[in-house]
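Below: the structure, in C-alpha cells.
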C-alpha cells in the first residue's frame, strides 16, 4: 500500500485540522493493511451499532511534534482517529 493512497491524505488532513497545523508538519510513520472485523474499523463507540462484515482498510500512524496518532480507515474515504 502506498503512502499516496487517498485515505492517507484524508488522515493527514484530519489530523492537521484537529491540531490547527499545516499538513506539511504531519509525518506518515506507517501504513498497514488491515481487515477490520466490522464496520467500526476497529474503533467502536459505545451505544453505536455496526455492520458485522469484514471491512478491508488500513491502520495509519502519523506523527506531529513528537506525538504519534493512529487512524483507522476503510479502502475508500472513511477515516477515524482511534485512541486505542
Which of the strands (runs of 3 or more DSSP E) contained wholly in region 36-83 include at least 1 residues that are free of Cβ contacts under 8 Å to residues at least 12 places away in the same chain? 67-74
Picked from region 55-67 (must be farther than 11 Å from residue 26 by Cβ and over 8 Å from the mean Cα position of the chain (by Cα)), the residue surrounded by the most Cβ atoms within 10 Å (Cβ to Cβ) is 57
Show the residue pairs that are 6+ apart or on different chains and have beta-carbon atoms under 6 Å apart, the first residue being within region 12-34 and exposed (fewer than 15 other Cβ atoms within 10 Å of the Cβ), the second being assigned to a loop (DSSP other than H, G, I, E, B) and at pLDDT below 95. 33/1
So which residues in region 52-82 are out of contact with any strand residue (DSSP E or B) (no Cβ under 8 Å at 6 or more places or on another chain) and within 17 Å of residue 34 (Cα to Cα)? 52, 53, 76, 77
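The values are calculated or read from the model by the stated rules, or taken from the named source; none is laboratory data. From a predicted model like this one, the values you see are computed outputs, not experimental measurements. Here the Cβ is made from the backbone with ideal geometry for all residues, glycine too, and neighbour counts use every protein chain on show.
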